[in-house]
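First up is the structure itself, then whatever we jot down about it.
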């Protein structure tokens, strides 16, 4: 059994602030080495700049993320794994930037891993905000290729339930019958983890080159179908843009408008049911993804699916569980519909990430993953007391 862990990642947020979490420390700039990876390592700042240009937000209205400490990370990660990150060649392998192999680790820690730890802290912060306010967006995060003892695919820390989806959490929950995973994914691409794939309870496989019509129809069908089957208390949405047409790794052919519509579908399903939702931006390997993410957030605002008035009324929303005190960590242990119900009382204080708030009872957590690069879309359920 794990011990309760108090963190400094959550802090009091003025009601005037939007539940949009970001820090300038998210962005990775290191003598141009960040350009050696197809991932735009500065996209998070670009998203914020686009939103500022459109007068949606200002610096004093953004929630500042804090860097996750080693104690925060040890809620999920093994000490052995965190010690491995003190070797530059390990980080070079995880991030797929070979020149990092030759650099002193203190540079790698400061210029590469600190931004990822700060984004991890941002996800934890946003999780608490979603519960409190009804919705939240971490402009970074979504490191779903990382599990408790293994990183990969530019993911060094497992943030959203520590290994949101992808092969990371599938490996973590391989023998856990409390976990239900539904995947919609490109069957032909990375990570090709056949062992992890065995943990998927419901597979919806896409062919390479899948376009908007088929993709959005499947997203709509599975989101609505799942939410009609059960009423989760929070949706954690990994909104990657590696599905974009032309992405060098994603292998699908979704248009920018298709990505905006996808996010609209998910938020519409959540908000119409008054279910809190947390969104993270995850993968996306083209320079234009920052503009698309910003356009999607603007669209959600224009449709009044997100705004600060809705957020400040979150505490009045009867669907949002009352919550107080510091955030302990994001949940990781999840429960399949076939194995537990709203009345489940399983004790889940484990060495995995702990619940958002110990005071809340009988959560059912639903996770939706859309980016096919990470083995796509999935739902997870969690109930505890």
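The values are calculated or read from the model by the stated rules, or taken from the named source; none is laboratory data. From a predicted model like this one, the values you see are computed outputs, not experimental measurements. Neighbour counts are summed over all protein chains in view; Cβ atoms, including those assigned to glycine, are modelled from backbone coordinates with ideal geometry.
Looking only at residues of the stretch 108-129 that are touching a helix residue (DSSP H, G or I) at 6+ places or on another chain (Cβ under 7 Å) and free of Cβ contacts under 8 Å to residues at least 60 places away in the same chain, we find that the one that is surrounded by the fewest Cβ atoms within 10 Å (Cβ to Cβ) is 113. Considering the stretch 94-121, the residues that are modelled with pLDDT of 95 or more and touching a strand residue (DSSP E or B) at 6+ places or on another chain (Cβ under 9 Å) include one that is nearest to residue 21 (Cα to Cα), namely 119. Has the stretch 43-64 got any residue that is at pLDDT below 95 and touching a helix residue (DSSP H, G or I) at 6+ places or on another chain (Cβ under 7 Å)? Yes, some residue in the stretch 43-64 is at pLDDT below 95 and touching a helix residue (DSSP H, G or I) at 6+ places or on another chain (Cβ under 7 Å). Of all residues in the stretch 260-291, those satisfying the criterion of being in contact with a helix residue (DSSP H, G or I) (Cβ under 7 Å, 6 or more places away or on another chain) and over 25 Å from residue 121 (Cα atoms) are 260, 261, 262, 264, 265, 269, 273. Taking the stretch 299-330 as the range and being at pLDDT 90 or above and in contact with a helix residue (DSSP H, G or I) (Cβ under 7 Å, 6 or more places away or on another chain) as the test, the residues that pass are 299, 300, 303, 305, 306.
Scan the stretch 230-256 for residues that are part of a loop (DSSP other than H, G, I, E, B) and more than 22 Å from residue 145 (Cβ to Cβ) and the total you get is 6.
In the stretch 259-276, what residues are touching a residue at least 40 places away in the same chain (Cβ under 8 Å) and over 18 Å from residue 308 (Cα atoms)? Scanning the stretch 259-276 gives 261, 262, 265, 266, 269, 273. Comparison of 97, 21 shows that the only residue that is surrounded by 19 or more Cβ atoms within 10 Å (Cβ to Cβ) and over 18 Å from the mean Cα position of the chain (by Cα) is 97. Considering every residue within the stretch 245-258, establish whether at least one is over 23 Å from residue 128 (Cβ atoms) and within 17 Å of the chain's Cα centre (by Cα). The answer is no; no qualifying residue exists. Of the residues examined, residue 241 is one that is modelled with pLDDT of 85 or more and crowded, with 24+ Cβ neighbours inside 10 Å.
The stretch 3-95 holds helices (runs of 4 or more DSSP H) entirely within its bounds, and those carrying 2 or more residues that are closer than 27 Å to residue 149 by Cβ and in contact (Cβ under 8 Å) with a residue 60 or more places away in the chain map to 70-73, 79-84, 88-95. For first residues located in the stretch 235-258 and on the phi > 0 side of the Ramachandran plot and touching a residue at least 12 places away in the same chain (Cβ under 8 Å), partners that are assigned to a loop (DSSP other than H, G, I, E, B) and buried (at least 17 other Cβ atoms within 10 Å of the Cβ) and lie 6+ apart or on another chain with Cβ distances below 6 Å form the pairs 251/189. Every condition in (1) surrounded by fewer than 21 Cβ atoms within 10 Å (Cβ to Cβ); (2) in a helix (DSSP H, G or I) holds for residue 262 except the one numbered (1).
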